[in-house]
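Remarks on the structure that follows.
The values are calculated or read from the model by the stated rules, or taken from the named source; none is laboratory data. Because the structure is predicted, anything quoted here is derived from the model rather than measured. Note that we place each Cβ from the backbone using ideal geometry, even for glycine, and neighbour counts take in every protein chain shown. All accessible areas refer to the heavy atoms of the entire protein, side chains included, with ligands and DNA or RNA removed. Shrake-Rupley method; radii C 1.70, N 1.55, O 1.52, S 1.80 Å.
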Amino acid sequence: VDPTGTWSVADGVLKCTGTPTGYLATEAEYAAYTLRLKWRYPKDGPESRNSGVLLHCQPKDEVWPPSYEAQLRSGKAGDLWINTPPAVTLPAAKERLDPKSDRHIVRLDGVEE
């Protein structure tokens, strides 16, 4: 797929159409870092309000690399997802574990019923 149909930069803002789904990755490796970002969604339907940031990606020839995802989905921002367990694990307090998914670690305000 030609990424220029999905990703663009305008006025210092990285934009993604969301179609097709995918991710950007750096070629460099980082160890000790602080990642800060701002995000926003278009004003159209709620289906367009889903995104995330993959962290600590491990190189593999798979569609989604082993990684952690900091969820940015509208209403769920702050949750963590573990991509491709058991290759990736993340210890978490028991109260943060989602009983519906062993890959989902919820933000501190609790598990959604």
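Label sites at residue 34 and residue 97, each approximated as a point 7 angstrom past Cα along Cα to Cβ, lie 3.2 nm apart. Between residue 98 and 104, 106, the built amide H atoms are under 5 Å apart, and every one of these is 5 or more places off in sequence or on another chain.
In order along segment 4-18, the Karplus-derived 3J(HN,Hα) couplings, from 6.51 cos²θ - 1.76 cosθ + 1.60 at θ = phi - 60°, round to 5, x, 10, 10, 7, 10, 9, 6, x, 10, 7, 10, 10, 6, x Hz, and Gly and Pro are given as x. Length gained on full extension, residue 7 to residue 74, computed as 0.36 nm times the residue gap minus the Cα-Cα distance: 22.1 nm. When 34, 6, 84 are compared by accessible area of protein heavy atoms, the largest-first order is 34, 84, 6, using a 1.4 Å probe. Counting heavy atoms of the protein chains alone, residue 64 has an accessible area of about 100 Å² for a 1.4 Å probe. Against the criterion of solvent-accessible heavy-atom surface with a 1.4 angstrom probe, 41, 30 sort, most first, into 30, 41. Ranking of 95, 27 by solvent-accessible surface, largest first: 27, 95 (1.4 Å probe, protein heavy atoms only, all chains present). Can you list the lysines whose alpha carbon is less than 24 Å from that of residue 15, not counting same-chain residues fewer than 8 positions off? Those lysines meeting the cut-off are 38, 43, 76. Taking amide H as placed 1.01 Å from N in the peptide plane, the amide H of residue 79 sits under 5 Å from that of 71, 107, each at least 5 places away or on another chain. Taking Lys and Arg as +1 and Asp and Glu as -1, the other residues whose beta-carbon sits under 13 Å from that of residue 82 total -2.
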